[in-house]
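This report refers to the structure that appears directly beneath it.
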Amino acid sequence: MTFNVRRPLPRYRRGDPDAWFDRLPAVQRVLREQRPAVTALQEVHPEQVHPLAAALGPGHLLLGGGREAGGGGEGCLLAVDTGRFEVLDWRQRWLSPTPEVPGSRWPGAPYPRTAVRADLADRRTGAVWRVVATHLDPWPERARLRAVGALQTEALDWAGPLLLLGDMNAPAGRSRTWDAVRAGGLRDALPPGAPGTFHRYRGPGPRVPRLDWILHGGPVRVLDARVLADRPRGRWPSDHFPVLARVEAVPGPPHDGGPAPGEGAGPRRPGRPG
């Protein structure tokens with residue numbers, strides 16, 4: 001799952017559709033009902049971490065932290081069900097010319113942006129996945145395109161099954177950002193014509209853009225994928241709909257132009273989280 005849970009904004013009072021304390025039960029219900037084994041969560045502030053972890057349930061490990069120089073502020077997190085996956089290695093990097101420097105950004109980018117990368121061993125099948133969670137800038141597009149280049153360093157040198165999850169802040173299928181990511185060999189988990197995700201508390205509609213993506217590369221088969229437009233007890237959980245996909249690693253070469261097995265790097269040894 002990828003899910004922009006929307007940061008809490010104190011200026012909103014109870015009854016406003018954007019009020020975090022009113023939306024929280026709906027967010028928790030979505031996570032409890034779906035129970036994704038791997039979840040990318042965007043716009044997470046420190047006060048949201050505990051209730052999100054509680055909804056995901058015991059055994060989920062939240063990887064990543066705030067994007068600011070001191071490690072605080074908004075974060076893009078990757079939640080992993082450690083009953084299903086062993087975390088072999090993970091790291092957080094800033095999408096900037098100096099990815100090791102907390103709070104760094106590209107010139108002209110409005111905010112620091114991060115990517116959390118994890119190599120996960122499936123306890124059921126033994127397959128080792130690389131999963132990357134991110135959240136790109138809403139503007140300008142050149143900042144997103146530079147971030148895509150940094151993501152390629154984090155993700156695309158991988159021969160095994162690969163997932164890229166996130167709020168890309170660009171419309172799927174009709175943006176230069178989409179074209180740049182797809183040029184790297186990644187494939188869309190959702191079918192053509194899938195509904196949009198950034199609904200701004202107005203619900204589904206033909207003009208809603210699909211900013212939230214699940215992309216896959218390498219030997220991966222998509223079993224099912226959908227945009228989840230649920231409204232628990234009449235409350236929209238966020239201004240974004242989450243995206244869900246059921247995928248499996250398959251033997252042999254990928255079917256749609258991804259990196260061929262044997263190319264690029266293999267699984268890393270377990271290392272210190274970054």
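At-a-glance table
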{"quantity": "Matching option when the condition is charged (D, E, K, R), more than 30 Å from LEU145 (Cα to Cα) and loosely packed, with under 15 Cβ neighbours inside 10 Å, among ARG29, ARG23, ARG14", "calculated": "ARG14"}
{"quantity": "Extreme residue, nearest to the chain's Cα centre (by Cα), among residues of region 32-48 that are surrounded by 18 or more Cβ atoms within 10 Å (Cβ to Cβ) and under 29 Å from GLY70 (Cα atoms)", "calculated": "ALA40"}
{"quantity": "Top-ranked residue of region 11-57 - restricted to ones that are of a type in the set (A, V, I, L, M) and part of a strand (DSSP E or B), ranked as nearest to ARG130 (Cα to Cα)", "calculated": "VAL38"}
{"quantity": "In region 192-211, the residues that are surrounded by fewer than 17 Cβ atoms within 10 Å (Cβ to Cβ), touching a Lys or Arg at 6+ places or on another chain (Cβ under 9 Å) and not small (Gly, Ala, Ser)", "calculated": "PRO195, PRO209"}
{"quantity": "Pick from region 157-170, criterion farther than 19 Å from VAL220 by Cβ and out of contact with any Phe, Trp or Tyr (no Cβ under 7 Å at 6 or more places or on another chain), ranking: surrounded by the fewest Cβ atoms within 10 Å (Cβ to Cβ)", "calculated": "ASN169"}
{"quantity": "Residue within region 171-182 that is under 29 Å from PRO251 (Cβ atoms) and in contact with a Phe, Trp or Tyr (Cβ under 7 Å, 6 or more places away or on another chain) present", "calculated": "yes"}
{"quantity": "Lone unmet requirement of (1) modelled with pLDDT of 95 or more; (2) out of contact with any strand residue (DSSP E or B) (no Cβ under 8 Å at 6 or more places or on another chain) for PRO192", "calculated": "(1)"}
{"quantity": "Complete set of residues in region 139-161 that are outside any helix (DSSP H, G or I) and under 16 Å from ARG93 (Cβ atoms)", "calculated": "LEU156, ASP157, TRP158"}
{"quantity": "Where a residue in region 34-59 is acidic (Asp, Glu) and its partner, wherever it lies, is surrounded by fewer than 20 Cβ atoms within 10 Å (Cβ to Cβ), with Cβ under 7 Å and at least six apart", "calculated": "GLU43/ARG7; GLU43/GLU74; GLU47/PRO8"}
{"quantity": "Region 150-162 residues that are free of Cβ contacts under 8 Å to residues at least 60 places away in the same chain, paired with ones that are surrounded by fewer than 20 Cβ atoms within 10 Å (Cβ to Cβ) and in a loop (DSSP other than H, G, I, E, B) (beta carbon under 9 Å, 6 or more apart)", "calculated": "ALA150/PRO97; ALA150/PRO99; LEU151/GLY184; GLN152/GLY184; THR153/PRO99"}
{"quantity": "Matching option when the condition is outside any loop (DSSP other than H, G, I, E, B), farther than 14 Å from ALA40 by Cβ and among the aromatic types (Phe, Trp, Tyr), among TRP178, TRP129", "calculated": "TRP178"}
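The values are calculated or read from the model by the stated rules, or taken from the named source; none is laboratory data. Bear in mind the structure is a predicted one, so any value in this text is a computation, not a measurement. Because the Cβ atoms are built from the backbone with ideal geometry, glycine has one as well, and the counts that use them run over all protein chains shown.
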